[in-house]
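Step one of this worksheet: look at the structure below.
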Amino acid sequence: MLDADFFRRWMTATAASVDREAERLTALDSPIGDADHGSNLQRGFTAVATALEKEAPDTPGAVVVLAGRTLISTVGGASGPLYGTLLRRTGKALGDAGEVTAEQLAEALRAGVEAVMTLGGAAPGDKTMIDTLVPAVDALGNGFAAARTAAEQGALATTPLQARKGRASYLGERSIGHQDPGATSAALLIAALAEAAGE
Ligand code: ADP
Ligand code: MG
Ligand code: MG
C-alpha cells in the first residue's frame, strides 16, 4: 500500500531531479520554445516542496492536490496549469483514503492525464508531455520501473515529431528534430515515482 509519505517522497524526488536537470530542460526549450521550461518547473516544484513541509497533508490525495494547486499558482507558463491539472485531478481521484494501492494510483493518474488532454487539447503524437504520460500510464500496470522506461522512450520519441500544440507548434516543420522539453520533464516525474518506490 502507498501512504501519504510515499506521495511526499514522489514530489520531493521530482523537485530534486527538476533542480538537477533545470538547465537541460531550459536548453531543450531554447530551439523550439522560449527557454524557460527548466526555471518554470524549478520554481514550481521548489514551491511544492515548501508547501508540503508547511501544510503536512496526511493523505495521498491531499498531498497530490496540494502539489497541483501549488504548481498552478506559481508557474506562469503553459506547463503550470497542465502539470497542475495533472496532479490536482490525480489527487482528487485518489480520494481521502490514508493508503492506496498501486492499481488505484494507476487509475488516478490515468484520470489526471485525461484531464490534461481535455485542458490542452493534445493527443499522442502532438509532441508534448502527453507523449510521455500516456505510455507511462499504460505501462504502470507492469510496475514503476516499467512506467519509467516507457516514459523515457516516449520522451525520446518526440524528437522526430512535428509539434501540433503549444509554443513549439508555431515553428511548424522546424520543430522536427528536437526533443520536447515537457515530454522530458514528464519523464522525470515518472522516474521520481519509481525512485519513491525504491525501484
Ligand atoms: P511555455 O511554453 O508557456 O513557455 P513551458 O516552457 O514551461 O511553457 O512548457 C512547455 C511544454 O509544455 C512543452 O514542451 C509541452 O510539452 C507542454 N505543452 C505545451 N502546450 C501543451 C498542450 N496544449 N498540451 C500538453 N502539453 C503542452
Ligand atoms: Mg517555455
Ligand atoms: Mg514561457
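Quick note: the coordinates plus some simple rules give every number you see, no bench work behind them. All values derive from a computational prediction rather than experimental measurement. Note: ideal-geometry Cβ built from the backbone for every residue, glycine included; neighbour counts use all protein chains shown.
Some values worked out for this structure:
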quantity: Residue identified as touching a residue at least 40 places away in the same chain (Cβ under 8 Å), part of a helix (DSSP H, G or I), more than 16 Å from ligand 2 (Cβ to nearest atom) and touching a Ser or Thr at 6+ places or on another chain (Cβ under 6 Å) among Ala147, Ala115, Ala136, Ala151; calculated: Ala151
quantity: Those residues of segment 17-38 which are among the acidic types (Asp, Glu) and within 14 Å of ligand 3 (Cβ to nearest atom), in sequence order; calculated: Asp29, Asp34, Asp36
quantity: Subset tally (residues that are in contact with a Ser or Thr (Cβ under 6 Å, 6 or more places away or on another chain) and more than 10 Å from ligand 1 (Cβ to nearest atom)) for segment 24-42; calculated: 0
quantity: The lone exception for Pro124 - which of (1) part of a helix (DSSP H, G or I); (2) surrounded by fewer than 24 Cβ atoms within 10 Å (Cβ to Cβ) it fails; calculated: (1)
quantity: Flag for Gly177 being surrounded by 17 or more Cβ atoms within 10 Å (Cβ to Cβ) and more than 10 Å from ligand 1 (Cβ to nearest atom); calculated: no
quantity: Residue selected from segment 79-102 under the condition crowded, with 19+ Cβ neighbours inside 10 Å and of a type in the set (Gly, Ala, Ser), by the criterion nearest to Asp131 (Cα to Cα); calculated: Ser79
quantity: Residues satisfying the stated conditions in segment 154-174, i.e. near ligand 1 (Cβ under 9 Å from one of its atoms), of a type outside the set (Ser, Thr, Tyr) and part of a helix (DSSP H, G or I); calculated: Arg167, Ala168
quantity: Condition met for Ala139 (away from ligand 1 (no atom under 16 Å from the Cβ) and of a type outside the set (Ser, Thr, Tyr)); calculated: yes
